[in-house]
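Asks: This is the structure I have questions about; it appears just below.
Throughout, read-outs are computed from the coordinates displayed, never taken from laboratory work. The structure displayed is predicted, hence computed values, not measured ones. No Cβ is skipped: glycine too gets one built from the backbone with ideal geometry, and neighbour counts run over all protein chains shown.
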């Protein structure tokens, strides 16, 4: 029995070896041809058309700046006056009825409409400041003198310009003019003793801008 099994195991490899030789000498031809044809046709056609049109047109036009300035030519009646200020600090410091003053005209100033208010404000200011001015070695003006000094400037309340005279406040108003210092001197000090530029010459305010004015319009220096 053991001999039979041994022969069987020896015979099986021999058979496999023999089959290998047959394949080399007599190749087998596979005649099974796949005749199936894939007749499926992809008839799905993308007919979507992108019809969106960008109609956003940039209408901004870059224009070069010009040196011309366009000013309104409307009749003054087209506007509502909210303030008037020919001379600095008048409406702010010595006028009590500000709405009525702003609605009034220079002709009302000449008529003396607001003189009582101006006098009353000067009396109040001198009552509060004369002792301090005297303590600083300054000579305050009495109210009547102050009114006489200031009247040519503020009655009427307009900005005076005389081309035959040198430019500079109160003849016009340049950017560098110390208008408040001059105005305070006129209404507080005796100008027969002190010059109108006395307060302007004190180191109360910077004597000049930190950046020079420009020589052409708009004359102001670039912002810091």
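Asks: Between residue 100 and residue 167, how high is the FRET efficiency from 1/(1 + (r/R0)^6) when r is the Cβ-Cβ distance and R₀ = 35 Å? Nearest 0.05.
Replies: 0.60
Asks: I would also like to ask the following. Arrange the peptides 207-216, 96-105 so that the one whose residues have, on average, the most other Cβ atoms within 10 Å appears first.
Replies: Descending mean neighbour count gives 96-105, 207-216.
Asks: Further, regarding this structure: Could you give the length gained on full extension between residue 71 and residue 158, defined as 0.36 nm per residue of separation minus the Cα-Cα distance, in nm?
Replies: 29.2 nm
Asks: Something else now. With labels modelled as points extended 7 Å from the Cα through the Cβ direction, what inter-label distance (nm, one decimal) is found for residue 139 paired with residue 215?
Replies: Reported label-point gap for residue 139 and residue 215 is 4.4 nm.
Asks: Here's something else I'd like to know. Label points 7 Å out from Cα along the Cβ direction at residue 175 and residue 132: separation in nm?
Replies: My value for the distance between the label points is 3.2 nm.
Asks: Calculate the spin-label point distance for residue 117 paired with residue 82, positioning each point 7 Å from the Cα along the beta-carbon direction, and give it in nanometres.
Replies: Each label point lies 7 Å from its Cα, and together they span 1.9 nm.
Asks: I would also like to ask the following. Let me have the relative contact order for the range 76-201, percent, based on Cα pairs under 8 Å that are six or more residues apart.
Replies: Across the range 76-201, relative contact order equals 25 percent.
Asks: Something else: Principal axes first, then extents: for the Cα atoms of the range 76-201, list largest minus smallest coordinate on each axis, whole Å, largest first.
Replies: So the three principal-axis extents are 52, 34, 21 Å.
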